[in-house]
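Chemist: One structure is given below, represented as C-alpha cells, and several questions about it will come after.
The values are calculated or read from the model by the stated rules, or taken from the named source; none is laboratory data. Being a predicted model, the structure only gives us computed values, none of them experimental. So basically every Cβ, Gly included, is an ideal-geometry build from the backbone, and we count neighbours across all protein chains shown.
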Amino acid sequence: MHVQLLQVFKYDRFVDAKFYKCGQEVKHPVMGFGTLCPGKRYALLQLKWYLMTVVTRFDLRLRDGEHAEYDANYHGHEILPPVRDVIVDFKQKCTYPNIKFVASRSQL
C-alpha cells in the first residue's frame, strides 16, 4: 500500500516531513541527503576565480556619459540592480599579475 501512495502526486508531501541522517534529525534540510549542495563550495570558488581573473587582467570603465540608475524597488536587498543595462568599456591590461590557484583540501 505504501508503494501505491508514492505513485500519486501529492504537492504537500514533504511540508511537515522530518529527514534523518545517521540516526539524527537534519535541522535545515535542503535535500534529503544533507544540508548543503555538494558542489556549492566548488561553484563559489570558481566564481571567485573568474572575478579575480577579470579584475586583474582587464581595465573596466563606464563609457563617457554613462551612469547607473539603481532600481529603488529592490531597496533592502543586498545589491541594487540597475534600471537598465550599463555599457562598459574594457581592454586587456598590458601587464597583469599571474594568479596561481593555491588551496588546501580543507578549504575545498
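Chemist: Taking region 92-108, which residues are at pLDDT 70 or above and either over 30 Å from residue 62 (Cβ atoms) or touching a Phe, Trp or Tyr at 6+ places or on another chain (Cβ under 7 Å) (or both)?
Modeler: 92, 93, 100, 102
Chemist: Here's a follow-up. Mind listing whichever residues of region 60-82 are in contact with a strand residue (DSSP E or B) (Cβ under 7 Å, 6 or more places away or on another chain) and among the aliphatic types (A, V, I, L, M)?
Modeler: Matches in region 60-82: 60, 62, 68, 80.
Chemist: Which of the residues belonging to region 7-16 are surrounded by fewer than 10 Cβ atoms within 10 Å (Cβ to Cβ) and either in contact with a strand residue (DSSP E or B) (Cβ under 7 Å, 6 or more places away or on another chain) or at pLDDT below 75 (or both)? Step through it out loud before you land on a result.
Modeler: To start, the set of residues in region 7-16 that are surrounded by fewer than 10 Cβ atoms within 10 Å (Cβ to Cβ) comprises 7-12, 15-16.
Residues satisfying the conditions are 11, 12, 15, 16.
Chemist: Sticking with this structure for a sec: Would you confirm whether or not region 34-54 contains a residue that is over 25 Å from the mean Cα position of the chain (by Cα), at pLDDT 80 or above and surrounded by fewer than 11 Cβ atoms within 10 Å (Cβ to Cβ)?
Modeler: So in region 34-54, the residues over 25 Å from the mean Cα position of the chain (by Cα) come out as none.
No, region 34-54 contains no residue that is over 25 Å from the mean Cα position of the chain (by Cα), at pLDDT 80 or above and surrounded by fewer than 11 Cβ atoms within 10 Å (Cβ to Cβ).
Chemist: Scan region 67-96 residue by residue and report those that are in a loop (DSSP other than H, G, I, E, B) and touching a Leu at 6+ places or on another chain (Cβ under 8 Å).
Modeler: In the first step, residues of region 67-96 are kept if they are in a loop (DSSP other than H, G, I, E, B); the result is 67-69, 71, 76, 78-81, 83-87, 93-96.
Those that are in a loop (DSSP other than H, G, I, E, B) and touching a Leu at 6+ places or on another chain (Cβ under 8 Å): 68, 71, 86, 87.
Chemist: Of the residues 67, 28, which single one is out of contact with any Phe, Trp or Tyr (no Cβ under 9 Å at 6 or more places or on another chain) and at pLDDT 75 or above? It would help to see each step written out before you state the result.
Modeler: Working: 28 fails: at pLDDT 75 or above.
Of the residues listed, the single one that is out of contact with any Phe, Trp or Tyr (no Cβ under 9 Å at 6 or more places or on another chain) and at pLDDT 75 or above is 67.
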